[in-house]
Amino acid sequence: MLTIFGTVALDTTRTPFHTVERTLGGTATFASISASNYTPTSLIGIVGHDFPESYLQLLKDRLDIRGLTINQTENTFHYDSSFDYDLAKRTTNKTELNVIANYQSTVPEEYIDSEFVYLANNDPVQNMNILKLFSGPKLVICDTMDFWIINKRDDVMKLINKVDGIMLNESEAKLLFKETSTLKCARLLVSNGPSFAVINKGENGSLLFHNNEFYPLPAFPTEIIKDPTGAGDSFGGAFMGYLSQQEKWGTMTLKNAMIYGNIMGSFTIEDYGIQRLVSVKAEDIKKRHQKYKEIFTF
Ligand code: AMP
């Protein structure tokens with residue numbers, strides 16, 4: 001069983017071409033919807049009284065949401081960000097933690113023996129606390145981002161030490177170590193405990209560091225890009241969802257998981273918020289996987 005813990009959010013996303021306000025987002029939302037294409041997925045998170053019923057239904061249709069708390073007195077976590085013209089650089093306008101701020105996360109009894117746990121980007125202290133509540137997961141992967149690196153760096157480092165795999169985007173990895181080389185960042189991440197690190201580089205693909213080797217993989221080429229929000233989380237969810245279906249997690253398996261991560265990220269950026277991700281069918285994934293193999297085999 002795969003359980004994903006992270007934020008379930010209302011996102012306001014501004015690009016030079018279009019703005020979407022208070023649309024369904026959050027790291028756990030993207031990651032778990034993406035993962036559910038590979039394996040049944042359970043979600044742990046919290047939303048507020050302003051969370052629309054239609055979003056709740058959308059999650060319910062795809063996921064086990066017995067771990068989703070609804071706080072009737074506070075607002076849902078709200079993230080407001082803007083992208084520049086090339087849709088590569090994101091600026092955070094506002095992070096309103098709301099229900100997240102004092103959330104005492106719990107694991108429903110039915111999820112306690114989850115073998116696979118994905119700690120999507122969230123407060124690192126909450127991530128460490130919830131990890132203690134599982135009975136003994138076989139594989140734990142976490143993600144983090146600039147907000148937590150800036151505000152709780154020591155806790156981010158402690159969290160990294162407790163997981164089997166760490167996933168980060170390139171600028172965040174560089175921020176974490178004040179380091180300019182992505183490869184060095186990957187090595188530093190692994191030297192802090194996990195057995196592998198994955199660094200996402202947007203349209204430049206992703207990098208795996210495992211068993212003292214670097215494996216750069218290209219992104220799936222798509223000409224449509226509207227909103228990169230959630231691409232990293234969709235990558236992470238697919239990566240973990242695929243791994244949860246495998247017996248062992250050697251380099252070859254990790255590379256295959258990255259291909260599925262790249263493919264799900266490529267869908268997410270094609271529309272605002274979760275719109276494209278929720279319309280993905282098994283057949284679409286199969287086609288992109290086939291195409292990926294054709295393009296990158298020589
Ligand atoms: P990504 O684009 O994959 O890095 O993640 C985008 C998602 O992260 C958005 O849907 C936000 O709701 C969520 N998010 C933004 N800031 C934070 C934060 N500080 N902690 C947890 N989630 C966040």
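Bear in mind these aren't lab numbers, they're just calculated from the coordinates by the rules spelled out. Quantities reported herein were computed from a predicted structural model and do not represent experimental measurements. Positions of Cβ are generated from backbone atoms using ideal geometry, with glycine treated the same way; all protein chains shown enter the neighbour counts.
Key figures for this structure:
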read-out: Likely footprinting exposure, ASP123, ASP271, fewest C-beta neighbours within 10 Å first; value: ASP271, ASP123
read-out: Spin-label pair MET252/ASP154, simplified geometry with 7 Å Cα→Cβ offset, distance in nm; value: 4.5 nm
read-out: In the stretch 72-124, GluC sites (Glu not before Pro) in a DSSP loop with at most 16 other beta-carbon atoms within 10 Å; value: GLU115
read-out: Descending principal axes extents, the chain, alpha-carbon based, whole Å; value: 56, 44, 39
read-out: Gain on full stretching of the segment that runs from THR92 to GLN245 - 0.36 nm per residue minus C-alpha separation; value: 51.5 nm
read-out: Sequence-distant lysines (8 or more away, or on other chains) whose Cα lies within less than 22 Å of LYS287; value: LYS226, LYS255
read-out: Relative packing of 174-183, 35-44, which averages over residues the other C-beta atoms within 10 Å, highest first; value: 35-44, 174-183
read-out: Distance between modelled label sites at THR297 and GLN275, nm, 7 Å Cα→Cβ extension; value: 3.5 nm
read-out: Quarter of Cα convex hull surface for the stretch 143-284, i.e. mean projection, nm²; value: 8.5 nm²
read-out: DSSP beta bridges in the stretch 81-213 [antiparallel fraction, %, rounded to 5]; value: 45 percent
read-out: Rough spin-label spacing in nm, given labels placed 7 Å along Cα→Cβ, for ASN102 and PHE214; value: 4.7 nm
read-out: Sorted by Cβ neighbour density within 10 Å, fewest at the top, the residues HIS78, HIS289; value: HIS289, HIS78
read-out: Within the stretch 1-98, trypsin sites (Lys or Arg not before Pro) in DSSP loop having at most 15 other beta-carbon neighbours inside 10 Å; value: LYS89
read-out: The stretch 2-290, dipole about Cα centre (Lys/Arg Cβ +1, Asp/Glu Cβ -1), debye to the nearest 20; value: 640 debye
read-out: Percent of Cα pairs exceeding the 13 Å cut-off, where the set is the stretch 28-96; value: 71 percent
read-out: Exceeding the 21 Å Cα-Cα cut-off - candidates LYS162/LYS248; LYS89/LYS201; LYS174/LYS248; LYS60/LYS201; value: LYS174/LYS248; LYS60/LYS201
read-out: Positive-end extreme of charge dipole, the stretch 2-290 - chosen from SER54, PHE267, THR13 (charges on Cβ); value: PHE267
